[in-house]
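S.K.: This is the structure, below, for whatever I ask next.
The values are calculated or read from the model by the stated rules, or taken from the named source; none is laboratory data. Computed from a prediction, not measured in an experiment: that's the story for all the values here. Reconstructed Cβ throughout: ideal geometry from the backbone, glycine too, with neighbour counts over all protein chains shown.
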Amino acid sequence: MNDSWKKRVAQGTVVALALTTMSTTTVLSQNNKASDLVNGYRTAGIVQAVSTMEAGAYATADVEESQVTVVAAAEEQPQTKNAEWQNRLMANVDEFLYVRAAANAESDIVGKMYQGDVAEVTGTEGDWYQITSGNVNGYVLGEYCVTGDDAYALATQVCKTYAKAKEGGIRIREAASADSSIYTVMAIGDTIEVNTEVEPVDGWVAVSTKQGTGYVSSDYVDVSVDYGTAITIEEEQAAIAAAKAAEEAAKAAEEAAAAKARAVTVQNQAVAASYDDVTILAALIQCEAGNECYDGQVAVGAVVCNRVRSGGYPGSVYGVVYQSGQFTPAARGSVASVAASGPNASCIQAAQAALAGTDNTGGALSFRPTSSGRGGVVIGNHVFF
């Protein structure tokens, strides 16, 4: 056997050994190419294939080892004591924290997290948390936030915590003992504030009652923190507008109530008057309040009569109506014109009521249109003061 043949046999042996590592199907599929292999033309390719298989096997082992390492690392992540707070965040601020559209301080403000608001963390980007809370989605700077158990601890400090009865007849006791005296009984669905300032007692929840701190078995209540959520800029603006409107409405209602209290109708001493006095007063009422309600007409007559009784004005109806600089319709001749033609029945009735002592103005001596902004008793379109 010459050296060339030995070399070929050795190569064939190497090829055979390589083929044994492959599947039977692969070996059979190569039978027709045996001569090529023996001739040495494909030997290098097979050896390369075997080397590639080995490299692949090592790579697979490396991947599996890497995957195991990752899983192990994930399992080693610290878990919160309160599982539902694992991905929750609170703004650790005295007032509010801006929520921005992107993870930088120059991006648009899309909302605010006030003290006591909670958000769900959906991701991180550098020093920023990506969060969702209420109708707000955006980013908050991490240095002003706490998460997980720290967030829960802060929530119990700045938010109120409540216990809700899961069934009826739950007893609130004086002490954390089933033998303790009973303060009161909770019906199903009743809620009561938890006293988070006292030392916790295993199996019991401390609650605030009228008698002081009481205890309810933790088996029969659900405890939850009453936290808030972030608010969008639009929601905040709407809330501010609503609060302003409510404040204005309350102020108006207060003023109306005060005016109503002042406008209690009283019966004063009657003013002596002749037929002409009735006519002149009715004519003035028609000129000043002819289109007003009857109460508004009586009020104008009452102002004239209050002046007559006051001592600070002329002592007669005629003298008050025609006093210089007081009633414009009188100065312009409108009162005389209406008196000559005859005032309408409503104004005559109002004049007679005022002269008889009826006063629904609270003793007013003057009046102005309500558009003047003057304070006082509002009746119709006039304010009396």
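S.K.: Residues in the stretch 237-252: is at least one surrounded by fewer than 16 Cβ atoms within 10 Å (Cβ to Cβ), modelled with pLDDT under 95 and more than 30 Å from Asp117 (Cα to Cα)?
M.R.: yes
S.K.: Is it the case that Asp117 is closer than 21 Å to Ala230 by Cβ, surrounded by 20 or more Cβ atoms within 10 Å (Cβ to Cβ) and either modelled with pLDDT under 95 or of a type in the set (D, E, K, R) (or both)? Reasoning before the result, please.
M.R.: Working: closer than 21 Å to Ala230 by Cβ: yes; surrounded by 20 or more Cβ atoms within 10 Å (Cβ to Cβ): yes; either modelled with pLDDT under 95 or of a type in the set (D, E, K, R) (or both): yes.
So Asp117 fits the description; yes.
S.K.: A further question follows. When both residues are 6+ apart or on different chains and their Cβ atoms are under 7 Å apart, which pairs have a first residue that lies in the stretch 153-166 and is touching a residue at least 24 places away in the same chain (Cβ under 8 Å), and a second that is part of a helix (DSSP H, G or I)?
M.R.: Within 7 Å, the pairs are Ala165/Tyr220; Lys166/Tyr220.
S.K.: With the structure loaded, tell me whether Tyr139 is more than 18 Å from Trp85 (Cα to Cα), within 22 Å of the chain's Cα centre (by Cα) and buried (at least 20 other Cβ atoms within 10 Å of the Cβ) or whether it fails that test.
M.R.: Numbers: more than 18 Å from Trp85 (Cα to Cα): yes; within 22 Å of the chain's Cα centre (by Cα): yes; buried (at least 20 other Cβ atoms within 10 Å of the Cβ): yes.
Spelling it out, Tyr139 is indeed more than 18 Å from Trp85 (Cα to Cα), within 22 Å of the chain's Cα centre (by Cα) and buried (at least 20 other Cβ atoms within 10 Å of the Cβ).
S.K.: Next question. In this structure, does Val383 turn out to be under 13 Å from Glu288 (Cα atoms), buried (at least 16 other Cβ atoms within 10 Å of the Cβ) and in contact with a Lys or Arg (Cβ under 8 Å, 6 or more places away or on another chain)? Let's see the steps before the verdict.
M.R.: Working: under 13 Å from Glu288 (Cα atoms): yes; buried (at least 16 other Cβ atoms within 10 Å of the Cβ): yes; in contact with a Lys or Arg (Cβ under 8 Å, 6 or more places away or on another chain): yes.
Criteria met by Val383.
S.K.: Residues in the stretch 149-166: is at least one exposed (fewer than 15 other Cβ atoms within 10 Å of the Cβ), assigned to a strand (DSSP E or B) and among the aliphatic types (A, V, I, L, M)?
M.R.: Scanning the stretch 149-166, I find no residue that is exposed (fewer than 15 other Cβ atoms within 10 Å of the Cβ), assigned to a strand (DSSP E or B) and among the aliphatic types (A, V, I, L, M), so the answer is no.
S.K.: Does Glu193 satisfy the condition of being surrounded by fewer than 19 Cβ atoms within 10 Å (Cβ to Cβ) and closer than 18 Å to Gly116 by Cβ? Outline the logic, then answer.
M.R.: Numbers: surrounded by fewer than 19 Cβ atoms within 10 Å (Cβ to Cβ): yes; closer than 18 Å to Gly116 by Cβ: yes.
Answer is yes for this residue.
Here's the yes/no breakdown for (1) free of Cβ contacts under 8 Å to residues at least 12 places away in the same chain; (2) under 17 Å from Thr156 (Cα atoms); (3) hydrophobic (A, V, I, L, M, F, W, C):
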| position | (1), (2), (3) |
| --- | --- |
| Glu193 | no, yes, no |
| Glu197 | yes, yes, no |
| Pro200 | yes, yes, no |
| Asp219 | no, no, no |
| Ser224 | no, yes, no |
| Glu234 | yes, no, no |
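S.K.: So, in the stretch 206-228, how many residues would count as being modelled with pLDDT of 95 or more and outside any strand (DSSP E or B)?
M.R.: Counting residues in the stretch 206-228 that are modelled with pLDDT of 95 or more and outside any strand (DSSP E or B) gives 3.
S.K.: A follow-up question, please. Looking at (1) surrounded by fewer than 20 Cβ atoms within 10 Å (Cβ to Cβ); (2) under 21 Å from Phe385 (Cβ atoms); (3) over 54 Å from the mean Cα position of the chain (by Cα), which is the only condition Cys305 fails?
M.R.: Condition not satisfied by Cys305: (1).
S.K.: Right, Thr229: surrounded by 15 or more Cβ atoms within 10 Å (Cβ to Cβ) and within 22 Å of Ala153 (Cα to Cα) or not? Working first, answer last.
M.R.: On the way: surrounded by 15 or more Cβ atoms within 10 Å (Cβ to Cβ): yes; within 22 Å of Ala153 (Cα to Cα): yes.
Spelling it out, Thr229 is indeed surrounded by 15 or more Cβ atoms within 10 Å (Cβ to Cβ) and within 22 Å of Ala153 (Cα to Cα).
S.K.: Test Val205 against the stated conditions and say whether it is under 25 Å from the mean Cα position of the chain (by Cα) and either within 30 Å of Gly111 (Cα to Cα) or not acidic (Asp, Glu) (or both). Steps first, please.
M.R.: On the way: under 25 Å from the mean Cα position of the chain (by Cα): no; either within 30 Å of Gly111 (Cα to Cα) or not acidic (Asp, Glu) (or both): yes.
Against the criterion (under 25 Å from the mean Cα position of the chain (by Cα) and either within 30 Å of Gly111 (Cα to Cα) or not acidic (Asp, Glu) (or both)), Val205 does not qualify.
S.K.: Based on what the data block shows, is Ala282 touching a Cys at 6+ places or on another chain (Cβ under 8 Å) and either surrounded by 11 or more Cβ atoms within 10 Å (Cβ to Cβ) or at pLDDT below 95 (or both)?
M.R.: Values: touching a Cys at 6+ places or on another chain (Cβ under 8 Å): yes; either surrounded by 11 or more Cβ atoms within 10 Å (Cβ to Cβ) or at pLDDT below 95 (or both): yes.
In short, yes.
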